[in-house]
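Everything on this sheet refers to the single structure shown next.
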């Protein structure tokens, strides 16, 4: 009797389990109509356009003529008489994705984007093109960043008006490494071993945290009214920096350039720089300028030169330290004010013609004026 009850209970449990399983399975009949795709389309996963798949233009291997976001899927090799990529539309973002445009002899620009607005170009290399690596000198409001441009026959990077050039390298190009038009910001770039100047900046630009070394021109060639801060110029075949009027140069280093460390003209502010072992003078200025708080040592290695050389009128030369130069502070014109400088171990510490307002020159031990110029 007990065994019969157990068997009946087992049959009931199985029946209940089978019933529950069938209830949970749902409707096994498929819906009417074709089966709809369940995966995202490619343009939702990668909403950008692959440049390598774009057709050629009249003078370029690939033409971008519509606004949007673009990217490379592989390297692009140049051809004779052709640009690598031409951009003719506003508001284009091009990500090279770590790939390179590789030029050949007789090719044109690597990337050309003239008279466009809002270009963003980043993350790759442009190598060995027969004209400029990047030609965007008439563009407006461009951003060029994390690019390496080398071996171009002409300039490496030519950026346009109100542009930003950031974290780029220009090396071994046949003219200037990096050129910008008016109103540009250049930050964190290196320009070296170029046939022309390292950096060539137009009016109203700012440059900071950059390095120019071993260029065959000057490290920095500046038109006028530019702010230069925390930069380095080393071993350039001409000046470390040469500038027109109204430029400020601060907190920068100018080392072993084959002419002057800093060659400024009028209305410039030259403050807190280090100018060491330049063939010419450490700092040379003309008129209406302030030269303050600089350190100049061992300039004039291959000829007579000064730590600070002033060739114009109405300058303020204050609180500079000049050591072991051919001449310490030399002033060849009138009407400048000379205060609180320190000169030591120069061939001649102070060479200043009459007609300037010069604080007393004495040793520190005998100085009585709070703005005395010190020498030993």
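The values are calculated or read from the model by the stated rules, or taken from the named source; none is laboratory data. These numbers come from a predicted model, not from an experiment. Methodologically, a virtual Cβ is constructed for each residue, glycine included, from the backbone with ideal geometry; neighbour enumeration extends over all protein chains shown.
Within region 298-317, no residue satisfies the criterion of being in contact (Cβ under 8 Å) with a residue 40 or more places away in the chain and under 18 Å from residue 371 (Cβ atoms).
The one condition from (1) surrounded by fewer than 24 Cβ atoms within 10 Å (Cβ to Cβ); (2) within 18 Å of the chain's Cα centre (by Cα); (3) within 18 Å of residue 72 (Cβ to Cβ) that residue 100 does not meet is (2).
Quick check on residue 78: is it within 24 Å of residue 171 (Cβ to Cβ), without any contact (Cβ under 8 Å) to a residue 60 or more places away in the chain, crowded, with 16+ Cβ neighbours inside 10 Å and out of contact with any strand residue (DSSP E or B) (no Cβ under 6 Å at 6 or more places or on another chain)?
No: the conditions fail for residue 78.
Close Cβ contacts (under 7 Å, 6 or more residues apart or on different chains) running from residues in region 349-374 that are on the phi > 0 side of the Ramachandran plot and part of a loop (DSSP other than H, G, I, E, B) to residues that are surrounded by 12 or more Cβ atoms within 10 Å (Cβ to Cβ) and modelled with pLDDT under 95 are absent. The number of residues in region 182-206 that are over 16 Å from residue 238 (Cβ atoms) and either at pLDDT below 95 or over 13 Å from the mean Cα position of the chain (by Cα) (or both) comes to 5. Restricting attention to region 197-213, the residues being buried (at least 22 other Cβ atoms within 10 Å of the Cβ) and not in a strand (DSSP E or B) number 4.
Determine if region 257-268 includes at least one residue that is assigned to a strand (DSSP E or B), touching a residue at least 12 places away in the same chain (Cβ under 8 Å) and surrounded by fewer than 20 Cβ atoms within 10 Å (Cβ to Cβ). Break it down stepwise before answering.
Of the residues in region 257-268, the ones assigned to a strand (DSSP E or B) are 262-263.
Pick out the ones that are also touching a residue at least 12 places away in the same chain (Cβ under 8 Å) and you get 262-263.
Still in the list and also surrounded by fewer than 20 Cβ atoms within 10 Å (Cβ to Cβ): none.
No; the residues of region 257-268 include none that is assigned to a strand (DSSP E or B), touching a residue at least 12 places away in the same chain (Cβ under 8 Å) and surrounded by fewer than 20 Cβ atoms within 10 Å (Cβ to Cβ).
For region 166-196, the set of residues classified as buried (at least 19 other Cβ atoms within 10 Å of the Cβ) and not in a strand (DSSP E or B) consists of 168, 173, 175, 176, 177, 181, 184, 189, 194, 196, listed by residue number.
Determine whether residue 241 is in contact with a strand residue (DSSP E or B) (Cβ under 7 Å, 6 or more places away or on another chain), crowded, with 18+ Cβ neighbours inside 10 Å and closer than 21 Å to residue 183 by Cβ.
On the way: in contact with a strand residue (DSSP E or B) (Cβ under 7 Å, 6 or more places away or on another chain): yes; crowded, with 18+ Cβ neighbours inside 10 Å: yes; closer than 21 Å to residue 183 by Cβ: yes.
In short, yes.
At pLDDT 95 or above and either closer than 22 Å to residue 132 by Cα or surrounded by 18 or more Cβ atoms within 10 Å (Cβ to Cβ) (or both) - does that describe any residue in region 43-53? Yes: region 43-53 contains one or more residues that are at pLDDT 95 or above and either closer than 22 Å to residue 132 by Cα or surrounded by 18 or more Cβ atoms within 10 Å (Cβ to Cβ) (or both).
Selection over region 133-165 of residues that are surrounded by fewer than 24 Cβ atoms within 10 Å (Cβ to Cβ), in contact (Cβ under 8 Å) with a residue 24 or more places away in the chain and over 12 Å from the mean Cα position of the chain (by Cα) gives a count of 7.
The single condition among (1) touching a strand residue (DSSP E or B) at 6+ places or on another chain (Cβ under 9 Å); (2) farther than 26 Å from residue 187 by Cβ that residue 366 does not satisfy is (1). Total residues in region 277-320 satisfying the condition of being under 26 Å from the mean Cα position of the chain (by Cα), part of a strand (DSSP E or B) and surrounded by fewer than 21 Cβ atoms within 10 Å (Cβ to Cβ): the figure is 1.
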